[in-house]
Structures are given as C-alpha cells and as structure tokens.
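J.: Below you will find the structure I want to go over with you.
The values are calculated or read from the model by the stated rules, or taken from the named source; none is laboratory data. This structure is a prediction, so every number in the text was calculated from the model and none was measured. Note: ideal-geometry Cβ built from the backbone for every residue, glycine included; neighbour counts use all protein chains shown.
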Amino acid sequence: MYTFSNKLRIGSFIAMGLGVIFLAIGFLSAPSTVEEAKAMVAVHDDGHGGGHAEAAENHGEEQGHGAETANGEEHDSSHDTHLLHQLQNRPWSALYVAAFFFFMIALGVLAFYAIQRAAQAGWSPLLFRVMEGITAYLIPGGIIVFVILLLSSLHMNHMFVWMDADTVAHDELLQGKAGYLNPTFFLIRAAIFLGGWIFYRQYSRKLSLAQDESDDNSNFVKNFRWSAAFLVFYLISESMMSWDWIMSLDPHWFSTLFGWYVFASMFVSGITVIAMVTVYLKSKGYLEDVNNSHIHDLAKFMFGISIFWTYLWFSQFMLIWYADIPEEVTYYIARFQDYKLPFFGMLVMNFVFPLLVLMNSDYKRVNWFVIMTGIVVLFGHYLDIFNMVMPATVGDQWYIGLPEIGGILFFGGLFVFWVFTALTKAPLQPKRNPFIEESRHFHY
Amino acid sequence: MASKVIQALYNDDDVLMHAVKKVRAEHHHIEEVYTPFPVHGLDKAMGLADTRIAITSFLYGCLGLTVAIVMMNYIMIEDWPQDIGGKPSFTYLDNMPAFVPIMFELTVFFAAHLMVITFYLRSKMWPFKKAENPDKRTTDDHFLMELGVHDNENELADLLWETGAVEVKVTEKES
C-alpha cells in the first residue's frame, strides 16, 4: 500500500492556497466598468511600449462582432464594451483553461486505460492502479468544469458569446446554430458526457478491485466488455465535448478534425502523467516490478502521440491556410498576430523537443529524461489549450500573469492531492489480473 | 582458403538459446547462428554489438529532408514560380506549409530505402549471390550454430552434444 508522503501533501496544499490567492487577485483586479477597462489598457501600453496597440484594430472581427463593425458610430462604444468583456473574461479564462487542462489529463488517461483493457494488453496491467489513481480526478475535475460552464450560461462571464441572447439576435449564423448551441442543451450534453465517463471510471475501478479478490476471471472479462463499449461512447462524446467546450468559443468557426486534435492533446498529456507518476512512485520504492521496459514503452507513446498531435495540428492548419477562406482563416490570423510566442513556442515544446529528445531508444529508459521531457510536454499542452481558448475570450489582452499561474497552481495542487490520495486506497499492484505475470516479465 | 568449422543443429529455439549461452560461458567463439525465424534475444546472448542502423536511418532522414527542401526551392521558387490558389511563390518560407508533406515523404522515403540498401550491403547480400546457408533445414524447422575448430574438435563436439544438439558435424568451409 502506498502512503501519501507528507511533503507532497503539504506541497499540494500550498499550491492550492497560492492558486486561490492568485486567482482571487485576478478576479478582483478585473475592471467592472468601461472606463476602468480603458484606463487599464492605457497603463498597460505605457508599461510595455505599446506592444499590443497595433493589434487592436483587428480584433473587432473576432467573435460575433462582425456584423456590428459596419455601424460606424456605434462601433466605438461596442468596441469599448468588447474590451471590457475581454478584460473581465481573463480571470475566468485562466480558470477555465487550467480546470480543463487538468481534467483533460484524467480523461486522456481514462481513454488510454480503456484501450489497454479492450486490447487485453499484456505489458500494462502493472500500471493499472496508477492509471486508476489518475482517473479518480475525473470526478472533482469534471464537476468543476461543469460548474464553470454552468456559471457561463448564467452570464457570469462572456466567454461563450453564443450564450448571450442579445448577440444571437444580431447574428444570423448563431441563430442558425441555436438549435444545437443553446445553454440548456449545452448543459444537458455536458452532463451526459461527464456522467458516462465518470460511470465507466467508477465501474471499471470496482471491477478491477473485485478481480483481486475473485477466484475466476469474470470481473476481468466484464471489464473488457465495458471498456470496449466505453471507447465507442468516448470517441463520440469526446469529439462533441471538444466542439461544445472549446470550439464554440469561436462560434462562427469550425474545423472537422477538432475533436481528434483535442483528443491527441489529452492523450499525450495523459500518457505523460502516467509516466511521471510511475517514475515518481518507483523512485519512492513502490512498484518494484515495473522495469525500465515499461518506462520505455510509455516514453515511446509520448513520442508517438506527440508526433500524432503535430500531424493533426498541421492537417488542420494547412487545409485552412491553403484554402484561405475568410471565415476560416480568422482563427489562425488571430493566433499569428497576437499569439506568436505561445503559438510557435507550443510547436517547439510539443513537437521539436520530444522528437529530438525521445528519438533515441536508450534515452526513453532514463527516468530523469522522461520526467524532464514530460514537464516540457505538459507545459506545451497547457499552452495548446491556452491557444485554443484565449484568442476567443480575451483576444489580444492575454498575458501569462497571476490568474493564469494561479489557475495552474490551484488545479495542479488539487490534481496531485486527489490522485495521490486515490493511490493510497488500493494496493499498487493488481493481484489477480490474468496478465500480471506477462506484465511482470515484460521486456523489450 | 578453407577453414574447418563444427556445426550443431537444434530443433528448438529455447534449447538453442541455452546452448549459445553455455558455449559462450565456456569461452568459445560462435561464428554464426542460422535460424528459420528471428529469435528474440539471440543477438544479446551471442554478444553481438548493438546495431547502428538507427543512426544511419537518422542521417538518411536528414538527407531526405535536405533534398526535399532544396528540390522544392528550385522547382517552385527559383525555376518556375507559380501563383497557386492566390499564393504566389515568392519566397520559400511563405510557401513552406505546402511543402511540408513533401518534406515528410522524402524524409521517410530516403530513410526507408537507404536503410534497406545499407542493411543488404552490411550483410554482404546482393543479387545472384550464392547462399551462405550451410544446411537448408535452417530455412524450415532447424537451428544451426557454427563454431570455428582450432584443434579441439572432440572437445567441442562433446560440449555441443551436451547442450542438446540433434546433430553435430565437422566440415570445411570456403571463405
């Protein structure tokens, strides 16, 4: 049995505490009137040499304001309201990006776990308890994301422009989509997705623990069937979730492979966290039977899925870039003009870095190499989510400051606390999994 | 020049693996092992050095990437710039996304083909070469271990019988 080390527990509490403070500062310092917003931007520009000023003229096109830009005089005041909304959105977006990022790690691990179960993989059963520990975060993480979505639909923020009845009234495209994109149906869908994922997670965990005590393989077989069924549900619901929770932030824009793209991001983050937690537990003397071939295979998945992510990123980008259709390219123009550093930095962190570092087979067996790469990959995928959400919600008013760091600290702390608490609940090595011997002798 | 070798045949890969380990433990040099299929871990048991084909593969990939960049730059930018879909080919960087699939394909193409060719050359295989296989049963269900004989024929034969060989023979080998 694993015992949660005090150092880690205190560390996670400190992270959560600091995160709450930073987030609170972020929320309190958000402007509440147009005048405050204008003053903030003026001060900001003085301080930073007007770096954001030249980008300001193009952000009227984003979101649902395309129709309003024509109305000359009204434009000025609508522009100011828009700026106010962006600044008010910033702490919310920081909260949402971090909440979604850590939730997505747990969901990615759940998918990986279900694949191992459905494929009846022989190498991985030793890692099942680690994966089950990480997926435990689905419950708090999912509830928090749901609450944020609920608060958005109660107009606590302006992240989802299509939730604003006034905007929809002036926007024919959004009226056309209203049958799908309306707050009620949106929340019902979110509840169904989360319910399905959490149900599978809890039930599979129950079967997994029951298998330890049982004297036949019936629980194992049941788990196999449920996992296969879950994967079907997951692939559909994950795709729809990515349209709902992320793509609808830019409600005029759409990409048909967006679901896959988000999936690749969550899958590689999830596998990375499995590898990191495994290496950590091993360094503390647990998981004696996990050998460097297991680490090697996890690192191989990190390498492979990083390249898969890049492939999807590029597929989405190149088609839009080549076709050059105005309603599609706005998505990338916003990112190229206002998000140069996070946008291209993310490509380096998520593609070039793992490609070069993890290419060599021997390096994949070196624990600290895997950890270092994992940290870079995780930051890269945080930035990936950041780049998906922020341009739509805060436009050019982005900055990685207190609220963003606070979000990472709070949800990172909560994630560590919840995952490692869950790890203490059951023996780290499954006893009666029929493949446990194969996993123990796994050698590559 | 012909050299004298002793060949032992086995009919099971597990027996072969143990035999290889035992022969190596007695400090005899195994010249070659012929098997009908790749035996996992045999290279390590025989003490063969790690393959360096991965390094050549990386270098060939870099070569392919370079060829793709130079080629597309010549074709699309320098020699005959075209305006495709409103994207005039003024500079390489402006059009780079369109060339990425070609860069990727040529990287893979060079790495794969040159790696196979390198493997054949390194294994000294080329068209119309006479097969080196000493016993055609090794293409079916037998495994053959070959050791050099240096005036210790009987000692080696005893050792090989002991390791579970189903047949041991001494022959002259052309080389």
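J.: Kindly indicate which of B:52, B:24 is within 30 Å of residue B:3 (Cα to Cα), more than 14 Å from every other protein chain (Cβ to nearest Cβ) and without any contact (Cβ under 8 Å) to a residue 40 or more places away in the chain.
T.: B:24
J.: Still on this structure, I have one more. In this structure, does residue A:375 turn out to be more than 29 Å from residue A:87 (Cα to Cα) and either at pLDDT 95 or above or under 20 Å from the mean Cα position of the chain (by Cα) (or both)?
T.: yes
J.: Answer with yes or no whether residue A:242 is touching a residue at least 60 places away in the same chain (Cβ under 8 Å) and more than 20 Å from residue A:118 (Cα to Cα).
T.: no
J.: Cβ-Cβ under 9 Å, sequence separation 6+ or interchain: first residue in the range B:120-145 and free of Cβ contacts under 8 Å to residues at least 40 places away in the same chain, partner exposed (fewer than 10 other Cβ atoms within 10 Å of the Cβ) and part of a loop (DSSP other than H, G, I, E, B). Which pairs?
T.: These pairs meet every condition: B:120/B:126; B:132/B:124.
J.: What are the residues in the range B:146-167 that are in contact with a strand residue (DSSP E or B) (Cβ under 6 Å, 6 or more places away or on another chain), within 18 Å of residue B:35 (Cβ to Cβ) and surrounded by fewer than 17 Cβ atoms within 10 Å (Cβ to Cβ), if any?
T.: B:166, B:167
J.: Pairs needed: first member in the range A:317-344, within 11 Å of chain B (Cβ to nearest Cβ); second member anywhere, acidic (Asp, Glu); C-beta distance under 7 Å; at least 6 residues apart or different chains.
T.: Short answer, once both residue conditions are applied: A:320/A:328.
J.: Could you please tell me which pairs satisfy a Cβ distance under 8 Å, a separation of 6+ or placement on different chains, a first residue in the range A:203-222 that is surrounded by 14 or more Cβ atoms within 10 Å (Cβ to Cβ) and of a type in the set (Phe, Trp, Tyr), and a second residue that is at pLDDT below 95 and outside any helix (DSSP H, G or I)?
T.: Cβ pairs passing all conditions: A:220/A:433; A:220/A:434.
J.: Examine the range A:265-285 for a residue that is assigned to a loop (DSSP other than H, G, I, E, B) and free of Cβ contacts under 8 Å to residues at least 60 places away in the same chain, and state whether such a residue exists.
T.: Scanning the range A:265-285, I find at least one residue that is assigned to a loop (DSSP other than H, G, I, E, B) and free of Cβ contacts under 8 Å to residues at least 60 places away in the same chain, so the answer is yes.
J.: In addition: Across the range A:299-352, which residue is farthest from residue A:386 (Cα to Cα) among those that are surrounded by fewer than 19 Cβ atoms within 10 Å (Cβ to Cβ) and of a type in the set (Ser, Thr, Tyr)?
T.: A:322
J.: Is it the case that the range B:33-45 has a residue that's in a strand (DSSP E or B), in contact (Cβ under 8 Å) with a residue 60 or more places away in the chain and either within 14 Å of chain A (Cβ to nearest Cβ) or within 29 Å of residue B:145 (Cα to Cα) (or both)?
T.: yes
J.: Hey, any hits in the range A:426-437 for a residue that's in contact with a Phe, Trp or Tyr (Cβ under 7 Å, 6 or more places away or on another chain), over 18 Å from residue A:127 (Cα atoms) and at pLDDT 90 or above?
T.: Within the range A:426-437 (the criterion being in contact with a Phe, Trp or Tyr (Cβ under 7 Å, 6 or more places away or on another chain), over 18 Å from residue A:127 (Cα atoms) and at pLDDT 90 or above), the answer is no, since none of the residues qualifies.
J.: Continuing with the same structure: Among the helices (runs of 4 or more DSSP H) confined wholly to the range A:338-405, which include 2 or more residues that are more than 30 Å from residue A:92 (Cα to Cα) and of a type outside the set (Lys, Arg)? Let's see the steps before the verdict.
T.: Working: elements: A:340-347, A:353-357, A:367-393.
The qualifying helices (runs of 4 or more DSSP H) are A:353-357, A:367-393.
J.: Exactly one condition in (1) farther than 30 Å from residue A:84 by Cα; (2) not in a helix (DSSP H, G or I) is false for residue A:159; which is it?
T.: Unmet for residue A:159, out of (1) farther than 30 Å from residue A:84 by Cα; (2) not in a helix (DSSP H, G or I): (1).
J.: Right, here's the next one. Restricting attention to the range A:389-405, which residues are over 13 Å from residue A:160 (Cα atoms) and aliphatic (A, V, I, L, M)?
T.: Of everything in the range A:389-405, those that are over 13 Å from residue A:160 (Cα atoms) and aliphatic (A, V, I, L, M) turn out to be A:400, A:402, A:405.
J.: Among (1) assigned to a helix (DSSP H, G or I); (2) in contact with a Leu (Cβ under 7 Å, 6 or more places away or on another chain), which single condition is residue A:193 missing?
T.: (2)
J.: In this structure, does residue B:68 turn out to be closer than 30 Å to residue A:443 by Cβ and either out of contact with any Pro (no Cβ under 8 Å at 6 or more places or on another chain) or outside any helix (DSSP H, G or I) (or both)?
T.: On the way: closer than 30 Å to residue A:443 by Cβ: no; either out of contact with any Pro (no Cβ under 8 Å at 6 or more places or on another chain) or outside any helix (DSSP H, G or I) (or both): yes.
Answer is no for this residue.
J.: Those residues that are exposed (fewer than 12 other Cβ atoms within 10 Å of the Cβ), more than 14 Å from chain A (Cβ to nearest Cβ) and in a helix (DSSP H, G or I), I need them from the range B:79-115; list them, please.
T.: Correct list: B:79 only.
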